[in-house]
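For reference, the structure is listed below as structure tokens.
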Amino acid sequence: MPHVSRRGFLQTSALAAVGTLLTPSLQAKNLEMVLDKNSIGKSKWELDTPALVVDLDKMEQNIKTVHTRLQGTGVGVRPHVKTHKCPAIAKMQIDAGAIGVCAAKLGEAEVMLENGIKNVMMTTVNVTAPKIVKAMALRKKYKGFIQAADNPQNIQDLQDAAKAAGIKAEVVLDINVIKRSGVPPGQPALALAQMIDKMPNLKFCGILAYDGAVQHVAGFQKRKTQALKTFEPVVESYEMMKAAGLNLEIFSGGGTGTYDIMIEVSGFTDVQVGSYVFMDRQYNEIGGAKNDKVFDDFATSLTVMSTIVNNYYPGRLTTDSGAKAFTLNKPNPLVIGEPDFNYNAGSDEYGTITFEKSNKSYKVGDKLEIIAPHCDPIVNLYDVMYGTRGDKVVSVIPVLARGKSQ
């Protein structure tokens, strides 16, 4: 982006403040409308559909498991809230021992910070003037907010904005692994790290790197080999920065698919697990260290309740849960208890099931429980998720960061 002056940042900040005057009241009104408190005490099979349901016992066990598996390795847990978008779940993760959380979007970070999550690190860069001004305002208000950077102009703009805000802002350098975001490793990364370190209003805190491509590689050994190989240039960058005397309190990255692999990366401090709290079909099928066919380190806690709305044709059922309930159609959603069902969520409003055999006959109005293809975008479709123990709804959890794509 073009260089923005101190005056420009202050003008943008003033305009941004005007635009958010009504946000708290609107959010409160909307929250009261969507919180379906009358559902508490009901069976999940009585919920109106499509409904997003999370088995709290399984989710809590998943949260516990990641810490148990990493105990004694020196690698901490910094969960990614882009998966659940719920401050309530983030608090559970913090209470279990997470050192903080990650956020992909500034809007997500804001929701977390304003709802009691003290340590939030953005894994994406803020390059536009409105975002930079807002980010610095958040940092001024919340000391535990850390931003990412990956290019010289952005670093200079962050410096100018931090100076205008009268703060010293913490920054991590994003290093490229899959040619998506981040600075190339090696000398370019070192130069930017040193640039951040020299800025009077910025504090260089370390690096992050995320290999998204390797997370779903099937077969644990294959995934491990690929993950460690792709991180070799990042480790070299880390060693260069260490030799240059830079602060490297943070070396963050990885994800659910590599959470137990990153412990072998030199200098690595914390893993950015996200989907582990819920799991989905994509992750279930990659295999783990102990089961090469099924990734069973974590239980599938997130499901979608759906209703059959049409059964006129043999070997074919229609549900009320299509693309607007699942977002992704590949891999297909999985109907629990019906392994031979082929579920197509390609239609906006309807899901279509085709099958040659089923374990029971179905009539209009019957409910199905379905495993999601990919949990992150599905959560973003719902205002709330219903927390259950057994089959009973015990809580309604607002997805406060839903739609926070800016």
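Counted over the chain, the DSSP beta bridges are approximately 50% antiparallel. Quick one: grab the alpha carbon gyration tensor of segment 256-406, order the square roots of its eigenvalues as a ≥ b ≥ c, and give me rounded if a/c is under 1.5, else prolate or oblate depending on whether a/b is larger than b/c. Prolate, since a/c reaches 1.5 and a/b exceeds b/c.
Every helix of 4 or more DSSP H residues in the chain counts as -39500 (n - 2.57), and over all residues that averages to -10000 deg cm²/dmol at 222 nm.
If R0 equals 30 Å, the separation of the Cβ atoms of Lys203 and Leu35 corresponds to a calculated FRET efficiency of about 0.15.
About its Cα centre, the chain has a charge dipole of approximately 880 debye under the convention of +1 per Lys or Arg Cβ and -1 per Asp or Glu Cβ, with nothing else charged.
Classified by the C-alpha gyration tensor, segment 35-119 has an oblate form. Its axis ratio a/c, with a ≥ b ≥ c, is 1.5 or above, and a/b does not exceed b/c. Inter-part distance, segment 79-105 to segment 181-205, computed on C-alpha centroids, equals 26 Å. The figure for Val75 is an accessible area of roughly 10 square angstrom, using a 1.4 Å probe on the protein chains alone.
Near the amide H of Asn176, within less than 5 Å, lie the amide hydrogens of Val183, all on another chain or at least 5 residues away, with H placed in the peptide plane. In segment 44-179, taking the dipole from charged Cβ atoms about the Cα centre, the farthest positive-side position among Val171, Met121, Val81 is held by Val171. Between Ala191, Asn38, Gly267, the Cα set farthest toward the positive side of the dipole of the chain (charges on each charged residue's Cβ, about the Cα centre) is that of Ala191. By accessible area, using a 1.4 Å probe on protein heavy atoms only, the chain has 52% of its surface on carbon and sulfur. Accessible area ranking (1.4 Å probe, heavy atoms, ligands and nucleic acids excluded), largest first, for Leu192, Leu228: Leu228, Leu192. For segment 263-406, the solvent-accessible area with a 1.4 angstrom probe is 43 square angstrom per residue.
For Glu60, put the label point 7 Å out on the Cα→Cβ axis and report which residues of segment 266-301 keep their amide N under 12 Å from it. Under cut-off, by backbone N: nothing. For Glu170, the amide hydrogen comes within under 5 Å of the amide hydrogens of Gln147, Lys203, counting only partners 5 or more places away or on other chains and with H modelled in the peptide plane. Spin-label model, Ala299/Lys357: points 7 Å from Cα along the beta carbon direction are separated by 2.9 nm. Across segment 265-278, coupling constants 3J(HN,Hα) worked out from phi with the 6.51/-1.76/1.60 Karplus curve, θ = phi - 60°, read 8, 4, x, 5, 10, 7, 9, 9, 5, x, 5, 4, 5, 10 Hz, and Gly and Pro carry x. Full extension of the chain segment joining Lys392 with Arg316 gains 24.4 nm, where the gain is 0.36 nm per residue of separation less the Cα-Cα distance. Building the convex hull from the alpha-carbon atoms of the chain and averaging its projection over directions returns 20.4 nm².
The values are calculated or read from the model by the stated rules, or taken from the named source; none is laboratory data. Owing to the predicted nature of the structure, the values given are computational and were not obtained by experimental measurement. Cβ: placed from backbone, ideal geometry, glycine included. Neighbour counts: every protein chain shown. Please note that ligands, DNA and RNA were not included when accessible areas were found on the heavy atoms of the full protein model with its side chains. Shrake-Rupley method; radii C 1.70, N 1.55, O 1.52, S 1.80 Å.
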